1. Can you give the net charge of the other residues whose Cβ lies under 13 Å from the Cβ of Thr185, counting K and R as +1 and D and E as -1?
2. For the pair Thr104 and Lys285, how long in nm is the line joining their label points, each one 7 Å along Cα→Cβ?
3. If amide hydrogens are placed 1.01 Å from N in the peptide plane, which non-local residues have theirs closer than 5 Å to the one on Val308?
4. In percent, what relative contact order does the chain have, based on Cα pairs under 8 Å that are 6 or more apart in sequence?
5. Please give the length that would be gained between Asp401 and Gln257 if that part of the chain were fully extended, namely 0.36 nm times their separation in residues minus their C-alpha to C-alpha distance (nm, one decimal).
6. With mean projected area of the Cα convex hull in nm² defined as stated, name the option among (1) 18.8; (2) 23.3; (3) 58.5 computed from the structure displayed.
7. Suppose each label sits 7 Å from its Cα in the direction of the beta carbon; what would the Leu121-Glu409 distance come out to in nanometres?
8. Tell me which residues come under 5 Å, amide H to amide H, from Ile71 once H is placed; ignore anything under 5 positions away on its chain.
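No lab work stands behind these numbers, since they all come straight from the coordinates. From a predicted model like this one, the values you see are computed outputs, not experimental measurements. FYI the Cβ positions are ideal-geometry reconstructions off the backbone, even for glycines, and counts take in every protein chain you see.
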Amino acid sequence: MKPELQPTDRFHPATRRTTLVKPKRKSGLAQIPRMAGYLFMAFLAWLLFSTLLKPWISTKATRAILDAPAILITSPIAGTVTALHAQSGDALKPGQTVAVVKNTTVARDALTSLLTRRLELQSHAEDLKDRIQANQRMLGYIDSQYMQYHNASLTQLRSADASLRAQQDAAAAKLEGLSTEFWRTVALHRDGAVSAAAVTAARAKMDAAQSEKDALEQNTQSHGAIINAAEHGVYVSADQAGNSLLPQLAHRRADLQNSIQNEQAEADALNSQLGDLNRLIDKEKQRVQTLSDYDIKAYASGTAQEIVAPVGTQVTAGATLVRATDCSKSGVVAVFPARMAPRLDRGTRLVVQVSAAQGPLGAHITQLLPSAPEAVQRGYAAPFPYAEDGSVYALAQWDADTPPRLAAEACAPGRSVVTSLR
């Protein structure tokens with residue numbers, strides 16, 4: 001039977017060796033350095049993988065942006081922008097008026113010269129018109145005077161002709177009587193009733209009557225010719241016309257008719273010149289008006305991206321007013337590292353991740369560039385991304401099976417996207 005330990009026995013060495021001591025629990029803060037070390041090692045491993053290994057196994061482009069051909073709407077003249085008919089985001093159509101540029105210094109010398117020339121021609125035409133009207137009035141008066149004298153002269157000539165014909169008839173009757181008397185005298189002389197002197201006297205009378213008749217016939221024929229000529233306005237002499245005014249009136253009438261004809265031809269020529277001049281003036285006015293308030297129109301379809309020259313801006317000839325984008329030809333500009341150059345070619349398929357909502361879009365490379373000259377970049381809406389030495393620019397367009405709605409939504413020049421080989 002073991003002896004019971006006294007309270008003082010707890011200090012006995014044997015007693016102490018048999019006493020159980022519990023270990024102390026470590027605090028959670030002691031684990032932080034270890035966890036930090038693990039995290040640091042993981043970061044180093046990720047950094048080494050992303051910088052050394054991943055670029056060699058990745059098929060993604062180092063940089064890629066959405067881009068599209070730029071449409072620069074410029075002003076062909078210098079002036080002030082007075083109106084804008086397009087805002088950022090508006091769709092543009094070919095022939096649509098985008099802006100109006102006013103130029104108050106348009107040269108009007110040609111228009112002034114044409115207007116002065118027109119005034120001169122109009123003044124000359126008015127003078128010709130007045131002269132033609134005056135000559136026509138004078139011609140009307142002379143015609144009336146001429147007809148009066150002409151009719152009176154014809155009446156006088158016809159009366160004289162009638163008198164000559166009456167005398168011719170009387171001479172014919174007288175000749176007939178003297179011819180009968182002559183032949184009776186010849187018969188009596190044959191019978192011995194009269195002497196030869198009587199026959200000679202009778203014959204002389206008959207010959208005189210015959211001469212008188214022939215003279216009257218000649219006068220009648222000549223007078224008939226005078227009447228016929230007078231009826232057609234031709235007078236051999238003033239004495240034959242019966243009035244010296246008729247030839248003068250006829251001559252004056254012919255002069256007036258020729259003057260009117262010449263003046264009318266000149267007036268027609270002037271009117272033709274005025275017509276041509278008016279057409280030139282209209283074209284020149286249209287040119288001046290066009291240059292004074294020039295309508296700047298879009299030459300292709302697109303979407304306005306930036307208003308470079310707002311209303312009130314002073315612009316020079318060739319200055320850009322509006323920058324637009326041709327979204328129908330939008331695509332991707334990607335920069336691939338030099339190690340991927342052997343895998344790139346025209347037609348190479350790409351996968352473009354525009355946004356999580358749209359999902360990946362298909363594209364194909366259309367052009368490869370070792371560098372992006374400024375002349376090339378000016379043809380696009382956004383500057384090309386930076387490329388390291390040896391990198392390759394790949395210009396790609398959307399595949400034909402890309403939904404138009406998604407392609408239109410992806411038209412955001414300058415927006416970064418993720419691009420990789422398919």
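1. Values: positive: Arg184, Arg190, Arg203, Lys205; negative: Glu181, Asp191.
Spelling it out: positives minus negatives among the neighbours equals +2.
2. According to this spin-label approximation, the distance is 2.3 nm.
3. Val322, Arg323
4. Numbers: 585 pairs, mean separation 134.6, N = 422.
This gives 32 percent for the chain.
5. Details: separation 144, 0.36 × 144 = 51.84 nm, distance 8.51 nm.
Extending this stretch completely gives an extra 43.3 nm.
6. Correct label is (3).
7. Here the answer is 6.5 nm between the modelled labels.
8. Amide H to amide H, under 5 Å and 5 or more residues apart or across chains, Ile71 pairs with Ala324, Thr325, Asp326.
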